[in-house]
1. Report, by residue number, each residue of the stretch 40-70 that is of a type in the set (Gly, Ala, Ser), more than 17 Å from residue 83 (Cα to Cα) and modelled with pLDDT of 95 or more.
2. Identify all residues within the stretch 219-239 that are at pLDDT 95 or above and among the basic types (Lys, Arg); write none if there are none.
3. Could you give every pair whose Cβ atoms fall below 8 Å, whose first residue belongs to the stretch 237-248 and is farther than 17 Å from residue 193 by Cα, and whose second residue is of a type in the set (Asp, Glu), counting only separations of at least 6 or pairs across chains?
4. Working only within the stretch 203-222, note down all residues that are surrounded by 17 or more Cβ atoms within 10 Å (Cβ to Cβ) and either touching a Phe, Trp or Tyr at 6+ places or on another chain (Cβ under 7 Å) or within 17 Å of residue 154 (Cα to Cα) (or both).
5. Filter the stretch 13-39 down to residues that are modelled with pLDDT of 95 or more and part of a loop (DSSP other than H, G, I, E, B) and give me whichever is nearest to the chain's Cα centre (by Cα).
6. Checking residue 90 against (1) modelled with pLDDT of 95 or more; (2) out of contact with any strand residue (DSSP E or B) (no Cβ under 9 Å at 6 or more places or on another chain); (3) within 25 Å of residue 210 (Cα to Cα); (4) in a helix (DSSP H, G or I), which single condition isn't satisfied?
7. How many of the residues in the stretch 45-85 are assigned to a loop (DSSP other than H, G, I, E, B), in contact with a strand residue (DSSP E or B) (Cβ under 6 Å, 6 or more places away or on another chain) and either farther than 18 Å from residue 18 by Cα or without any contact (Cβ under 8 Å) to a residue 12 or more places away in the chain (or both)?
8. Residues in the stretch 140-157: is at least one surrounded by 14 or more Cβ atoms within 10 Å (Cβ to Cβ) and in a loop (DSSP other than H, G, I, E, B)?
Amino acid sequence: MSGSVVIAGLGPGAEALVTPEVLAALDDATDVVGYIPYVARVAERPGLVKHASDNRVELDRARQALELAEDGRRVVVVSSGDPGVFAMASALFEAVEAGPRHWRDLDIRVLPGITAMLAAAARAGAPLGHDFCAINLSDNLKPWELIEKRLRLAVEADFAMAFYNPRSKARPEGFARVLSLLTETCGDARPVIFARAVSTPEEEIRVVPLPECRPEMADMRTMVIVGSSATRIITRDGTPFVYTPRSAG
């Protein structure tokens, strides 16, 4: 089969944060497949066909990309951030595993991108400078009980925590429960970073002590990073620097 599938990360928003490797793949593509706003980020050009779809049809989108590649097309599946972090790379390999055996012989590559987590951390300083974890707070694909278990264990392990999808219009109560759990289990005023729309003109960075955090400070465009007990703040004019020392103990 002469077709190919590249699963590519477009970064957090700014064009300057799209890697040259991803740009080259887009230049070579015959088809781009992805969620509507991500496909819209790819420039129109002759010979390029764009296939945009809704956010909750990841497996259908993956199968479409594989079928196009099966027909000899050079397909790029786009995600924001990094495609392997709560994004399309996993969905595509799930489709490969469940699909026809010959899909496994396609030329499939994953190209990394700059995640919202890393972009937000860089804006704040170095809050992920020691051990950390990333948790998707959406309960669309996993039960709340599992989210709560992982939160409690992350606090027990004293990880810094990066939260994806903290609060949506469909489930505004979830992040309130998260903040209540963290306030109860952490028992301190560790810094929490609310990084909204990082690398876009709407970017906003706020550093708030945990007891003062409110659910409405986050939405689906916000990356939330909670420091560990060792995370420190360097005060200055404007937004402070936040960092977690590399050593522990």
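The values are calculated or read from the model by the stated rules, or taken from the named source; none is laboratory data. In this text the structure is predicted, and so the values were computed from the model without any measurement. Cβ atoms come from the backbone with ideal geometry, glycine included; neighbour counts cover every protein chain shown. Heavy atoms of the whole protein, side chains included, go into the accessibility calculation; ligands, DNA and RNA do not. Shrake-Rupley method; radii C 1.70, N 1.55, O 1.52, S 1.80 Å.
1. 69
2. 232, the sole residue that qualifies.
3. Qualifying pairs under 8 Å: 248/131.
4. The answer is 210, 215, 217, 218, 222.
5. Among those residues, the one meeting the criterion is 18.
6. All conditions are met except number (3).
7. Of the residues in the stretch 45-85, 2 are assigned to a loop (DSSP other than H, G, I, E, B), in contact with a strand residue (DSSP E or B) (Cβ under 6 Å, 6 or more places away or on another chain) and either farther than 18 Å from residue 18 by Cα or without any contact (Cβ under 8 Å) to a residue 12 or more places away in the chain (or both).
8. Taking every residue of the stretch 140-157 in turn, none turns out to be surrounded by 14 or more Cβ atoms within 10 Å (Cβ to Cβ) and in a loop (DSSP other than H, G, I, E, B).
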